[in-house]
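The values are calculated or read from the model by the stated rules, or taken from the named source; none is laboratory data. Computed from a prediction, not measured in an experiment: that's the story for all the values here. Reconstructed Cβ throughout: ideal geometry from the backbone, glycine too, with neighbour counts over all protein chains shown. When the accessible area is computed, the model is the full protein with side chains, heavy atoms only, and any ligands, DNA or RNA have been set aside. Shrake-Rupley method; radii C 1.70, N 1.55, O 1.52, S 1.80 Å.
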Amino acid sequence: QVQLVETGGGLVQAGGSLRLSCAASGTIFSINVMGWYRQAPGEQRELVASITSGGSTNYADFVKGRFTISRDNAKSTAYLQMNDLKPEDTALYYCSADVRRWGTSPIQTYWGQGTQVTVSS
């Protein structure tokens, strides 16, 4: 199996910063794309940022210039540095990883349990 564990969420005032981490473990041959998503109460889950194994990144417009995604392939870990946080960034943040468990297996997407980010005004 593959497990993703997110850490780093919490309560912060508007304008503050948080750094989320997502560590993947288990039977992993390779990880293609890792991503961060978020879901606020009553809203759909939305993409925040993603990063390929080669380091190519993609950001939602609402976080460009404020959030930075990175990863350490050797540690199977992705990070999300969040600066200048706003109350509307309040949500449950999820990590995803597109994993190939063995050399010939298909790629499957795995999800973490989520970490809560709350930004007070």
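When the residues of segment 2-29 are narrowed to those that are under 17 Å from the mean Cα position of the chain (by Cα) and among the small types (Gly, Ala, Ser), which ends up nearest to Thr115 (Cα to Cα)?
Gly9
For residues that are touching a Lys or Arg at 6+ places or on another chain (Cβ under 6 Å) and part of a strand (DSSP E or B), scanning just segment 80-110, find the one that is surrounded by the most Cβ atoms within 10 Å (Cβ to Cβ).
Across segment 80-110, the extreme among qualifying residues is Tyr93.
Condition check: under 12 Å from the mean Cα position of the chain (by Cα), open to solvent by 60 Å² or more (accessible area, probe 1.4 Å) and under 19 Å from Gly10 (Cβ atoms). Does Thr115 satisfy that?
Judged against the criteria, Thr115 is not a match.
Please identify the pairs in which a residue from segment 1-28 that is under 11 Å from Tyr93 (Cα atoms) and assigned to a strand (DSSP E or B) has its Cβ atom under 9 Å from the Cβ atom of a residue that is open to solvent by 50 Å² or more (accessible area, probe 1.4 Å) and hydrophobic (A, V, I, L, M, F, W, C), counting only partners at least 6 apart or on another chain.
Ser21/Val5; Cys22/Val5
Looking at this structure, is Gly54 on the phi > 0 side of the Ramachandran plot and in a loop (DSSP other than H, G, I, E, B)?
In short, no.
I'm trying to understand the selection: among the residues of segment 4-57, which are of a type in the set (D, E, K, R), farther than 19 Å from Ser70 by Cα and surrounded by 14 or more Cβ atoms within 10 Å (Cβ to Cβ)?
Residue satisfying the conditions is Arg45 alone.
Look at segment 58-69 and say how many of its residues are under 14 Å from the mean Cα position of the chain (by Cα), surrounded by 15 or more Cβ atoms within 10 Å (Cβ to Cβ) and at pLDDT 95 or above.
Qualifying residue count for the region: 5.
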